[in-house]
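Trainee: Before I ask anything, let me first share the structure, which is written out below as structure tokens.
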Amino acid sequence: MSAPLIVGISGATGAIYGIEALRALKELGHPAHLIVSEMGQRTIDIETGCSMEDVRALAEETYSNKDLAAAVSSGSFRAGGMLIAPCSIKTLSGIAHSFSYNLMIRAADVTLKEKRPLVLMVRETPLHKGHLELMTKAADIGAVIHPPVPAFYHNPQSITDLVRQSIGRALDHLGVEHDIMERWNGA
């Protein structure tokens with residue numbers, strides 16, 4: 001069995017990215033461990049028709065963002081990597097500054113210190129210089145900055161098609177084999 005991926009859903013708009021990542025991992029039979037911030041829960045309520053019970057059911061294990069003693073807070077927990085989708089600027093800032101004041105940021109910090117892949121689907125626009133500097137700092141310490149920018153070469157027919165394309169690319173960076181998206185094969 002593959003090492004689980006940690007999926008974080010923070011409070012930026014775009015909670016559907018985290019939910020679709022969980023759905024994709026479940027379809028692939030790849031275990032996922034979930035952390036949802038307090039604002040992430042609120043965003044799920046506002047933006048999706050999913051209940052927190054539905055979202056938690058997509059993960060093998062879920063943790064309170066307040067539980068800094070959770071299994072994923074330690075480097076001895078064998079995770080395959082971590083995806084934060086969406087990643088708020090607040091969460092990005094905590095990661096860039098190694099300020100582990102909640103479990104999501106602590107798990108991201110552990111992911112980086114253990115040299116495991118960390119993919120941040122930063123969701124903000126427009127970006128000011130401070131945002132760009134935070135992304136640069138996070139990239140310098142090993143994070144992959146992966147904003148959910150839609151691709152159109154696969155002729156998407158729905159919002160889900162757009163979301164799954166971005167999730168598929170994020171899973172590529174986490175080393176997860178999948179066929180959840182259409183790949184570019186030349187014109």
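The values are calculated or read from the model by the stated rules, or taken from the named source; none is laboratory data. All figures in this text were calculated on a predicted structure; none of them were measured in a lab. Neighbour counts are summed over all protein chains in view; Cβ atoms, including those assigned to glycine, are modelled from backbone coordinates with ideal geometry.
Trainee: Is there a residue in the range 126-136 that is more than 19 Å from G40 (Cα to Cα), touching a residue at least 40 places away in the same chain (Cβ under 8 Å) and touching a Ser or Thr at 6+ places or on another chain (Cβ under 6 Å)?
Mentor: Taking every residue of the range 126-136 in turn, at least one turns out to be more than 19 Å from G40 (Cα to Cα), touching a residue at least 40 places away in the same chain (Cβ under 8 Å) and touching a Ser or Thr at 6+ places or on another chain (Cβ under 6 Å).
Trainee: Here is a further query. Assess whether E38 counts as being under 24 Å from M181 (Cβ atoms), surrounded by fewer than 20 Cβ atoms within 10 Å (Cβ to Cβ) and in contact (Cβ under 8 Å) with a residue 12 or more places away in the chain.
Mentor: no
Trainee: Still on this structure, please answer the following. Among the residues of the range 155-186 satisfying the criterion of being polar (S, T, N, Q) and part of a helix (DSSP H, G or I), which is farthest from S2 (Cα to Cα)?
Mentor: Across the range 155-186, the extreme among qualifying residues is T160.
Trainee: Moving on. Return yes when Y63 is surrounded by fewer than 17 Cβ atoms within 10 Å (Cβ to Cβ) and of a type in the set (F, W, Y) and no when it is not.
Mentor: Here the answer is no, as Y63 does not meet what is asked.
Trainee: Follow-up question, since we're still on this one. When residues of the range 80-101 are filtered for being surrounded by 14 or more Cβ atoms within 10 Å (Cβ to Cβ) and either closer than 15 Å to L22 by Cβ or of a type in the set (F, W, Y) (or both), how many remain?
Mentor: 7
Trainee: Just to be sure I understand the filter: pairs with C-beta atoms under 8 Å, separated by 6 or more residues or on different chains, first member in the range 65-83 and among the charged types (D, E, K, R), second member outside any loop (DSSP other than H, G, I, E, B) and at pLDDT 95 or above. Which pairs pass?
Mentor: Between residues of the range 65-83 that are among the charged types (D, E, K, R) and residues that are outside any loop (DSSP other than H, G, I, E, B) and at pLDDT 95 or above, the close pairs are K66/L103; D67/S73; D67/L103.
Trainee: Moving on to the next point. Look through the range 20-35, keep the residues that are touching a Leu at 6+ places or on another chain (Cβ under 9 Å) and in a helix (DSSP H, G or I), and return whichever of them is surrounded by the most Cβ atoms within 10 Å (Cβ to Cβ).
Mentor: So the residue we want is A21.
Trainee: Filter the range 144-187 down to the residues that are touching a Phe, Trp or Tyr at 6+ places or on another chain (Cβ under 6 Å) and either at pLDDT below 95 or over 17 Å from L120 (Cα atoms) (or both) and list them by number.
Mentor: Y153, W184
Trainee: Right, here's the next one. Return a yes/no flag: does the range 117-138 have any residue that is among the charged types (D, E, K, R), assigned to a loop (DSSP other than H, G, I, E, B) and either exposed (fewer than 14 other Cβ atoms within 10 Å of the Cβ) or touching a strand residue (DSSP E or B) at 6+ places or on another chain (Cβ under 6 Å) (or both).
Mentor: Looking for residues that are among the charged types (D, E, K, R), assigned to a loop (DSSP other than H, G, I, E, B) and either exposed (fewer than 14 other Cβ atoms within 10 Å of the Cβ) or touching a strand residue (DSSP E or B) at 6+ places or on another chain (Cβ under 6 Å) (or both), one finds at least one in the range 117-138, hence yes.
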